[in-house]
Amino acid sequence: MKKRIFLLSTVFAIGFTSSSLNAATPEMPVDCEDLAFDYADYIYDKYNDGFKAGKAFTTALALCEAAMN
Amino acid sequence: MPDFLSGILFNKNMKKYILVYLSFASLVTNVLSAQIVSGKVWYNVSMEDFYKDGVKDGRASPELDRMFRMTADAANNIQLELLFNQEQSIFQHQKGLSISDYEELDELVKMLTSDGTYYTDIKDGTQLLQTFYEGREYNIESEIEKQDWTLTKEKKQIGKFLCYKAILDKSNTGLNEDTIAWYAPEIPVSFGPVDFVGSLPGLILELKLPIATYTASKVELNPKKEVIINWPTDIETMTEEEYKSEGDKVKAQLDGGW
C-alpha cells in the first residue's frame, strides 16, 4: 500500500511538473525580419537583382506580420 | 504494271498535268507557311523548380518553406501573353487576373516571372523593357544579342505544333543550369518569353529556366484584327548597366538593415 501511494505520487508529481514547464515555456515567435531577410537573400542569389530582392523582403515581411496578428 | 496505269503514266499530257499539279501544291504550301505573319500566344508559368530548389536539403525553416510554397502556388495563376507581327512583339502580364489573396505577393510574383513589359523589334535589333518599382517607371533599352543555342533533333508536340528542342549552355547566361527552349519552325518568327528573342528559327512555345518554366497554353495565328505594337514614345531610357546599378542601391539598402 505504501509502495502504491509512493508510485502514484511520483506519477502525479512528474505530470504536474512537466505541465508547469510547458506552461512556463511559451511558443517561440517567428522573427518576421529574419524570415524576410532570408527570403530576400535567396531571391537575390537566384536573380542577381536588387529590385527583386527588395520586393521579396517587403512582401515576406508583410505576409509574416499579417500572419502573426 | 497494269495496262491502264502504264497508259496513264506514259501519256505525255497526263505527265504534264501531274507536273503542274505538284508545282501548284508546292507553291500553295510555301505561300501558306509564309503567311503566318502575326499572332498571339498565352503562356502559363510554373515555379515548382523554384520551390524545390528553395527547400532542398531541408535548409529552409518551416516559415521560409511556406513562403516558397506561396510564391510557387501564386505563379500557377499567372498568365503572360505575347503578341507579335513579322517585325515586332510585346510580352506582358495579362491584365486583371487574380493571382493570390495578397496584393504584395501578386506584385512580387509578377516581377519574378516577367520584370515588366518587353517590346521587341527584330528588324532594328532592339528590345525595351518597361518596368516599375515603388511607383517609379524604368525604361531599359538594349540591343538584342545573338544567343548561342544548340539545336537538337529532339522533338515534341505542344498543342498543334511540332517543336524542336534547343539548349543554351549556362555559360552563356550566367545561370546555374542550361536553358531549354522548344520552338516551332512552323511559326517562323524568332520571338519568345521575356528576352529570349532573335536567335531561334521559330516561335518559342516552351522555355525552361532554372526558376520558372513558361509553356504556351493557347496559340492564335493570323487574327482578323491586325497586330500593331504601340512602342512607347517620349520616354527616358537607360541602359541595362544603369538599371542594374539602381537595383544595387536597393540591395545596399537591404544589406544595411533596410
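The values are calculated or read from the model by the stated rules, or taken from the named source; none is laboratory data. Quick caveat: nothing in here was measured; it's all calculated off a predicted structure. Glycine gets a Cβ as well: all are built from the backbone with ideal geometry, and neighbour counts include every protein chain shown.
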Complete set of residues in the range B:129-144 that are β-branched (V, I, T) and either closer than 28 Å to B:R69 by Cβ or outside the structural domain of B:F196 (by TED's automatic domain parsing) (or both): B:T131
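Quick check, is A:A36 in contact with a Cys (Cβ under 7 Å, 6 or more places away or on another chain), within 14 Å of chain B (Cβ to nearest Cβ), at pLDDT 95 or above and closer than 30 Å to B:M111 by Cβ? Steps first, answer last, please.
On the way: in contact with a Cys (Cβ under 7 Å, 6 or more places away or on another chain): yes; within 14 Å of chain B (Cβ to nearest Cβ): yes; at pLDDT 95 or above: yes; closer than 30 Å to B:M111 by Cβ: yes.
Against the criterion (in contact with a Cys (Cβ under 7 Å, 6 or more places away or on another chain), within 14 Å of chain B (Cβ to nearest Cβ), at pLDDT 95 or above and closer than 30 Å to B:M111 by Cβ), A:A36 qualifies.
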Out of B:Q157, B:Q92, sole residue that is free of Cβ contacts under 8 Å to residues at least 60 places away in the same chain, within 26 Å of A:K52 (Cα to Cα), surrounded by fewer than 18 Cβ atoms within 10 Å (Cβ to Cβ) and in the same structural domain as B:A74 (by TED's automatic domain parsing): B:Q92
Selection from the range B:203-258 of residues that are within 14 Å of chain A (Cβ to nearest Cβ), surrounded by fewer than 15 Cβ atoms within 10 Å (Cβ to Cβ) and in contact with a Leu (Cβ under 9 Å, 6 or more places away or on another chain): B:E240, B:W258
Lone qualifier among B:G135, B:G125 - being modelled with pLDDT under 95 and either on the phi > 0 side of the Ramachandran plot or within 14 Å of chain A (Cβ to nearest Cβ) (or both): B:G135
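Here is a list: A:N69, A:N48. Which entry is more than 7 Å from chain B (Cβ to nearest Cβ), touching a Gly at 6+ places or on another chain (Cβ under 8 Å), more than 14 Å from B:L64 (Cα to Cα) and at pLDDT 65 or above? Before the answer, list the steps.
Details: A:N69 fails: touching a Gly at 6+ places or on another chain (Cβ under 8 Å).
Result of the check over A:N69, A:N48: A:N48.
Identify, from the list B:D65, B:D101, B:D49, the residue that is more than 9 Å from every other protein chain (Cβ to nearest Cβ), closer than 18 Å to A:F37 by Cβ, surrounded by fewer than 17 Cβ atoms within 10 Å (Cβ to Cβ) and of a type outside the set (F, W, Y). First the steps, then the outcome.
Details: B:D101 fails: closer than 18 Å to A:F37 by Cβ; B:D49 fails: closer than 18 Å to A:F37 by Cβ.
Checking each option against the conditions leaves just B:D65.
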Which numbered condition B:D178 misses (of (1) of a type outside the set (A, V, I, L, M, F, W, C); (2) touching a strand residue (DSSP E or B) at 6+ places or on another chain (Cβ under 7 Å); (3) buried (at least 16 other Cβ atoms within 10 Å of the Cβ); (4) touching a residue at least 12 places away in the same chain (Cβ under 8 Å)): (4)
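Table: residues versus (1) of a type in the set (K, R); (2) farther than 19 Å from B:Q94 by Cβ; (3) in contact with a Gly (Cβ under 9 Å, 6 or more places away or on another chain); (4) not in a loop (DSSP other than H, G, I, E, B).
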| position | (1), (2), (3), (4) |
| --- | --- |
| B:A181 | no, yes, yes, yes |
| B:E220 | no, no, yes, yes |
| B:P223 | no, no, yes, no |
| B:W231 | no, yes, no, no |
Any hit, the range A:9-32, residues being in contact with a Phe, Trp or Tyr (Cβ under 9 Å, 6 or more places away or on another chain), assigned to a helix (DSSP H, G or I) and either at pLDDT 95 or above or within 14 Å of chain B (Cβ to nearest Cβ) (or both): no
Matching residues, the range B:160-178, being within 18 Å of A:N48 (Cα to Cα) and either in a loop (DSSP other than H, G, I, E, B) or acidic (D, E) (or both): B:G174, B:L175, B:N176, B:E177, B:D178
Residue check for B:I167: over 18 Å from the mean Cα position of the chain (by Cα), more than 14 Å from every other protein chain (Cβ to nearest Cβ) and surrounded by 12 or more Cβ atoms within 10 Å (Cβ to Cβ): no
Residue within the range B:108-128 that is of a type in the set (K, R), in the same structural domain as B:S217 (by TED's automatic domain parsing) and surrounded by 13 or more Cβ atoms within 10 Å (Cβ to Cβ) present: yes
Residue check, B:Y183 over 29 Å from B:K52 (Cα atoms) and buried (at least 20 other Cβ atoms within 10 Å of the Cβ): no
